């Protein structure tokens, strides 16, 4: 038991030390952050991220965040820069360079190239006397902090990489907010996987046209059952020729009618239909539609756009889509 407590205590200590480091960065953030955001917003070309070692790995994640938010970005490998990769840089690009020390040798070539072609740099470092600080157009300086852990881990990047990731996230989300970014746009950049599915509008799963079983309000009970079973949706929609209103009959309605009425041959659609079925807009996201179905305990939702009926969606289609 003592062994387990020691492990847990040390793990919590690491996290606490990183939280302390983040708190210092938050307090230290100043007008240069605003300048960096404005520089990114005014960039006509790409955001180009570069760093060495762990900084590069963190910047790859930050670059991915910017890209997913619709901001053209890529990572420049500092080790390959002097072997031809610098040719990718254009005058209207903005470099975002991170280095804890700010004096990493592999970055010197990039500094000189950026200066020659007047490419602006957002530098992120803890060293205000570094080469990165000197060459940067906008300088984001974070306080020197202790890496998490005891003296044996003083050189292991932990708190410093957490700081870099948080600054990168702050830049990306702030820029996206200023660009009036909407969450549905995020789905367009993530068409696959769980993110893409959760941001898919219900219109992508619509059942339309001849796939929808329509009947009239005077159809008799036995034929209603046949119609429901023919399309295997568990429902029919009721619409008379000269009416714009749509009603619905589900297999649950027919089951209740069978237990309620003795003479089913006299029962017609108008006797058991739901006259005001549940509608959602076609822009409703798939998980939202599923949540509505679960709360209302229904399996079918009618879908509209600009007040007009567009189709229907079933819970089975949603579950199949989310389960793929």
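Laboratory data are not the source of any read-out in this text; all were calculated from the coordinates shown. All figures in this text were calculated on a predicted structure; none of them were measured in a lab. All Cβ positions, even for glycine, are placed from backbone atoms using ideal geometry, and neighbour counts span all protein chains on display.
Ranked by the mean number of other Cβ atoms within 10 Å of their residues, highest first, the peptides 309-317, 121-129 fall in the order 121-129, 309-317. In the stretch 247-309, the inverse of the mean reciprocal separation of distinct Cα atoms equals 13.4 Å; this is its Kirkwood hydrodynamic radius.
Taking the convex hull of the alpha carbon atoms in the stretch 1-101, what volume per residue do you get, in Å³? Write down the numbers at each step before the final one.
On the way: hull volume 14.7 nm³, N = 101.
Residue-normalised Cα hull volume stands at 146 Å³.
Rounded to the nearest angstrom and listed largest first, the equivalent-ellipsoid semi-axes of the stretch 96-142 from its Cα gyration tensor are 16, 11, 7. Annotation: average projected area of the chain is 26.0 square nanometres, based on the convex hull of Cα atoms across all directions.
Packing here is the average count of other Cβ atoms within 10 Å per residue, and on that basis the peptides 62-68, 214-220, highest first, run 62-68, 214-220.
Helix 251-260 and the longest principal axis of the C-alpha atoms of the chain enclose an angle of approximately 40°.
Would you mind giving the average projected area, over all directions, of the Cα convex hull of the stretch 2-181 in nm² with one decimal?
Numbers: hull surface 44.9 nm².
Averaged projected hull area, Cα only: 11.2 nm².
Between helix 105-116 and the chain there is an angle of about 80 degrees, using the helix long axis and the longest principal axis of the Cα atoms. Highest-first packing order for the peptide set 12-18, 162-168, 34-40 is 162-168, 34-40, 12-18, based on the mean count of other beta carbon atoms within 10 Å. Between 0 and 90 degrees, the angle of helix 2-28 with respect to the longest Cα principal axis of the chain falls at about 80 degrees.
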